[in-house]
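Just below is one structure, and these are the notes that go with it.
Read-outs throughout are calculated quantities, based only on the coordinates presented, and are distinct from any laboratory measurement. What you see is a predicted model, and the numbers here were worked out from it, not measured in a lab. Glycine gets a Cβ as well: all are built from the backbone with ideal geometry, and neighbour counts include every protein chain shown.
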Amino acid sequence: MSRQRSIEILEPKITGDNKMGEIFFKRFTFNQLFQHWVMIGTFMLLVISGMPLKFPDASWSPVIINLLGGFAMRTTIHHAAGIAMVGLGIYHIVFHIFVDKESILERKVWPTIKDAKDFWQTIMFYFGKAEEPKYGRYSWKEKFDYWGAFWGMVMLCVTGLIMLFPFKAMELIPYAYVHLATIVHTDEALLATLFIFIVHWWNVHYCPEVFPMSKAWLTGNLSEEQMKHEHALEYEEIMRQMNETGENKSSGR
Amino acid sequence: MIKKKRKYIKHQVKVDLSLEGKTGKAEDIYERYYRMTQLKKCYSLIRNKYLWILVIMLSVFTGVIAAQQDISCYHCHTKVVTEFRNNVHYDKGFNCADCHGGTDVSNASVVSYSVMSGNFIGRPNRENITDICSKCHEAETKDYKTSIHWDAIKQGHPDAATCTDCHGVHEIRAIKDPNSSSNHQNSPATCAKCHSNKEMMSAWYYGIKADRFDTYKESFHWRALDKGYALVATCADCHENHKTKSHTDPTSSTFPENLPNTCGKANCHAGVNFDAKVATGLVHDKESLHTGELVFNKTGLSPQMKEYFFGPFDLAYWIAIFFKILTTGVIGFFTGMVILDFFSRLKIKRRF
């Protein structure tokens with residue numbers, strides 16, 4: 001399954017001038033794109049409606065609450081978006097464990113020793129003492145993004161549900177732990193927000209190579225140039241497999 | 001010409017015409033007499049006794065009206081009486097004498113000594129204020145006398161809250177009035193007048209905390225109230241406005257075992273199954289953690305409470321610390337990476 005997915009290539013588009021079109025490399029399936037879109041929508045709503053309550057004394061806090069239509073509306077928006085995000089998390093886990101047939105251990109999101117090496121090489125590269133590391137399907141930064149979001153989702157969804165149904169939660173856990181949930185929820189949310197706005201947006205929006213944005217989140221495709229530069233190992237792998245299949249086909253004839 | 005002069009003579013006093021030619025011309029003399037008579041008319045107005053009677057009657061009349069509006073007190077106690085005009089009792093026809101004693105008959109003179117006579121008490125003692133209010137508000141006073149505030153007054157701490165501290169001294173507004181200090185929404189600010197005052201709190205007895213409003217501010221109740229959502233609990237909803245008691249008092253609404261009834265009031269979290277687990281919560285003490293210090297003084301606690309506070313509350317402290325380190329670490333590190341990334345790209349561009 002993994003081999004098949006990694007060599008999905010769109011048909012080259014041939015323009016009117018009879019030149020070769022660009023080759024696009026399939027990076028995300030529509031399913032993954034859709035999950036990301038839902039994530040963006042719910043996350044932004046949750047940040048906007050939640051942060052005024054994390055910093056109630058800030059000057060912008062009442063402004064945002066009034067723009068959202070009052071405190072009751074803010075609460076409704078936050079709860080609705082939160083439930084949608086919990087649904088998304090459940091869908092993600094159910095789909096990628098039970099529906100996706102690819103063996104779980106062979107997935108490329110698991111951290112490996114190469115990632116630790118790449119991490120060190122990246123720092124060396126920043127100080128001009130090494131080459132830029134070559135990445136496979138996912139770089140160590142992307143794996144950190146994914147697992148950071150995974151950890152954040154688990155923490156925020158569990159504590160959020162406790163805060164949404166505090167008296168149901170009290171039947172299961174002591175009252176004091178319900179208060180712990182507020183600390184965990186708000187602090188984790190702040191961490192997630194800062195990480196997304198600073199680090200993730202730098203990687204996919206502000207970084208000079210992709211500015212104003214990498215279109216992979218809309219189309220799911222990467223251009224050949226981007227593929228060579230950002231995922232060199234995967235590119236080489238795809239090319240090797242294409243040659244093999246090509247040779248097999250030709251030998252078969 | 002003579003005819004014209006006779007016109008004057010008609011309604012003037014006699015003019016001695018023999019003087020003509022000796023003291024001056026006849027016209028000048030007539031002229032002088034004419035002016036004199038006009039002046040006399042004016043003087044007669046002042047001498048008019050009917051006019052004076054009218055003036056006296058008018059002043060008496062205004063005095064009677066003034067007496068009804070406490071004008072007599074108003075001469076000196078202008079500010080107080082102005083405040084009293086906003087009082088709900090003023091609308092119902094009460095006047096100064098109903099609380100301060102003395103007669104309510106006033107003559108509106110500058111010093112209304114007749115008001116300050118009889119059973120006039122002047123400024124009541126703080127211990128006596130309940131006696132004045134209890135004349136009408138019997139049930140409320142009875143409730144108040146079970147409170148910890150009244151205990152403190154009895155024990156010789158007259159600074160403890162009495163009726164006027166929450167309801168206002170002269171400007172007692174109706175409870176539903178949004179400007180009333182005892183209105184639901186204004187309850188936190190009213191209680192904070194004393195309970196955020198460290199000197200006042202330490203004067204009462206050692207160990208009472210002055211951060212009650214600050215810790216309430218961390219709760220969702222306050223955050224919603226502060227942003228205009230009024231259907232939440234404020235001080236008086238949990239601590240009982242008149243029957244305020246210590247949370248260590250078994251009859252208190254905030255005693256751990258009574259919390260299920262307090263939180264489960266009809267308009268609050270009704271229909272929720274509370275059990276003993278709820279009872280272990282002390283709402284105020286958790287959140288001072290956000291300021292980074294463990295506020296709760298664990299000395300002198302019952303073993304049961306001690307077990308409770310050494311558990312999750314220390315955990316909360318460490319969780320807060322953990323997230324501080326995690327957030328600062330992760331965001332700081334990755335922001336550094338972003339900056340390094342940016343500069344490395346600049347270098348590459350310069351090379352080529």
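Counting only other chains, what is the mean number of Cβ atoms within 10 angstrom of the Cβ of each residue in peptide A:167-173? It would help to have the intermediate numbers written out before the result.
On the way: counts 8, 2, 1, 8, 6, 1, 2.
Mean partner-chain Cβ count within 10 Å for A:167-173: 4.
Each residue, A:LYS108 and B:PHE343, gets one label point 7 Å from its Cα in the Cβ direction; the gap between the two is 3.2 nm. For chain A, a simple Cβ point-charge model (Lys and Arg +1, Asp and Glu -1, everything else neutral) yields a dipole of about 300 debye relative to the Cα centre.
Shielding value for B:330-343 is 5, the average number of Cβ atoms from other chains within 10 Å of each residue's Cβ. Kirkwood analysis of the Cα pair distances in segment A:150-214 returns a hydrodynamic radius of 13.4 Å. In chain A, the longest principal axis of the Cα atoms and the axis of helix A:70-94 are about 40 degrees apart. Inter-chain Cβ neighbour count for A:74-82, averaged per residue, equals 1 (cutoff 10 Å, partner chain atoms only).
So for chain A, averaging the separation of alpha carbon pairs under 8 Å that are six or more residues apart and normalising by length, what relative contact order in percent results? Can you show the working numbers first?
Numbers: 202 pairs, mean separation 62.2, N = 253.
Relative contact order of chain A: 25 percent.
Here the spin labels are modelled as points 7 Å beyond Cα on the Cα-Cβ line, and at B:ALA203 and B:ILE321 they lie 3.8 nm apart.
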